Ligand code: F6R
């Protein structure tokens, strides 16, 4: 695992964006798995023009959404669906075949999980996964206590996730369950990058990187990944020894 501490959020986001573009150097048809939320937003904002102006043919790239709130419609601006379309898929002009998001409205969510797993397997696995870290150490919606052996699954959200998650919504929204890729898919991704910024993330970043590797801090599992990079700004890295 490599830990890089950038001077500020802009530089950190640029580092993440460059790494996303670099994936195309080794593969013309990469599979990305992408988080939504505040942490990667600027990285996507930088990645989009970099890729559009690079001359790279990205028509064979595929993007997979990491997770989704169950009970939130895709056109709700607080949904992961809306976020990824707005900041990444639509600005890139992706065709519908180029992205796959969880259908959190599916009648059979277990079948939806298996369909996502099958989609990833058919694509040959995930090449690059970009994740954030929750205030409770979650990755995607892999909450504290999660089973690291899981692939896609439905999860009861932790109290921290439901309260912190309100920040994405204009109105108070009931956030009880989520659907997410699992830690096994994080472990299997060929490359994983975690982005975290701001002082409020400093304690959980410290716990994830320097505390025990434990399901209580799911992000700590990145330390067992064969190719993981942690991109922090100075504030998020401020409690590292
Ligand atoms: C979102 C996701 C979450 C967030 C995490 C941090 O798709 O997977 O795990 O990455 O909650 O959220 P922000 O970046 O808003 O601090």
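The values are calculated or read from the model by the stated rules, or taken from the named source; none is laboratory data. Remember, it's a predicted structure, so these values are computed and weren't measured experimentally. For neighbour counting, all protein chains shown are included, and Cβ atoms are generated from backbone atoms with ideal geometry for every residue, glycine included.
Structure values in brief
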item: Residue check for residue 161: under 14 Å from residue 182 (Cβ atoms) and either near the ligand (Cβ under 9 Å from one of its atoms) or assigned to a loop (DSSP other than H, G, I, E, B) (or both); result: no
item: Unique residue being part of a loop (DSSP other than H, G, I, E, B) and touching a strand residue (DSSP E or B) at 6+ places or on another chain (Cβ under 9 Å) when the list is 89, 32, 102, 63; result: 102
item: Test: residue in region 99-109 that is surrounded by fewer than 20 Cβ atoms within 10 Å (Cβ to Cβ) and in contact (Cβ under 8 Å) with a residue 40 or more places away in the chain; result: yes
item: Total residues in region 191-203, condition more than 11 Å from the ligand (Cβ to nearest atom) and touching a strand residue (DSSP E or B) at 6+ places or on another chain (Cβ under 7 Å); result: 3
item: Only listed residue being surrounded by fewer than 14 Cβ atoms within 10 Å (Cβ to Cβ) and part of a loop (DSSP other than H, G, I, E, B), chosen from 71, 78, 55; result: 55
item: Selection within region 55-94 - touching a residue at least 24 places away in the same chain (Cβ under 8 Å) and over 24 Å from residue 178 (Cβ atoms); result: 56, 57, 58, 59, 60, 61, 91, 92
item: Residue that is nearest to the ligand (Cβ to nearest atom), among those in region 174-190 that are surrounded by fewer than 21 Cβ atoms within 10 Å (Cβ to Cβ) and modelled with pLDDT of 95 or more; result: 175
item: First in region 30-54 and under 21 Å from residue 190 (Cβ atoms), second anywhere and surrounded by fewer than 19 Cβ atoms within 10 Å (Cβ to Cβ) and at pLDDT below 95, Cβ under 8 Å, 6 or more apart; result: none
